[in-house]
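A short worksheet on the structure shown next.
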Amino acid sequence: MDYGVIEGGKTDCSEAFASAIEACHTAGGGRVIVPPGTYLTGAIHLQSNVNLHISKGAIVQFSTNPEKYLPLLHSRWEGIELMNYSPLIYAFSVYWKFFGLNYIILFI
């Protein structure tokens, strides 16, 4: 399915990534595949049972705009707990299945 991602690295595809991840999660899980090309985005927040697959030849280019990493999230920096900008790829309390085994990711 096409969620409006635009290749080229100039157009912000944050909403397209978020929509694809949400649709995959709502459908019970699966794989969000990033095809070859360059894609500009802000933070990517994963959800339960969603696998983000970066294809060979695909480049996920993260924005330098700090507003793309809001709202602030509970995080750790050098062992200190604090509120900080979102990491580039973030997953918190998600359920994930890997090679038939169940995992719960509490913090990435």
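Remarks
One line per residue, one yes/no per condition, for (1) part of a loop (DSSP other than H, G, I, E, B); (2) among the aromatic types (F, W, Y); (3) modelled with pLDDT under 90; (4) surrounded by 14 or more Cβ atoms within 10 Å (Cβ to Cβ):
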| residue | (1), (2), (3), (4) |
| --- | --- |
| K56 | yes, no, no, no |
| K68 | no, no, no, yes |
| L82 | no, no, no, no |
| K97 | no, no, yes, no |
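- Residues being under 18 Å from T11 (Cβ atoms), in contact (Cβ under 8 Å) with a residue 24 or more places away in the chain and either within 13 Å of the chain's Cα centre (by Cα) or part of a loop (DSSP other than H, G, I, E, B) (or both) - total across the stretch 36-54: 6
- Filtered residue count, the stretch 17-34, keeping only those that are of a type outside the set (S, T, Y) and free of Cβ contacts under 8 Å to residues at least 24 places away in the same chain: 8
- Complete set of residues in the stretch 23-35 that are loosely packed, with under 15 Cβ neighbours inside 10 Å and either within 17 Å of I89 (Cβ to Cβ) or at pLDDT 95 or above (or both): R31, I33
- Under the condition of being of a type in the set (D, E) and either within 11 Å of T38 (Cα to Cα) or part of a strand (DSSP E or B) (or both), the residues counted in the stretch 2-19 number 2.
The values are calculated or read from the model by the stated rules, or taken from the named source; none is laboratory data. Predicted, not measured: the structure shown is a model, and the values here were computed from it. Backbone-built Cβ (ideal geometry, glycine too); neighbour counts: all protein chains shown.
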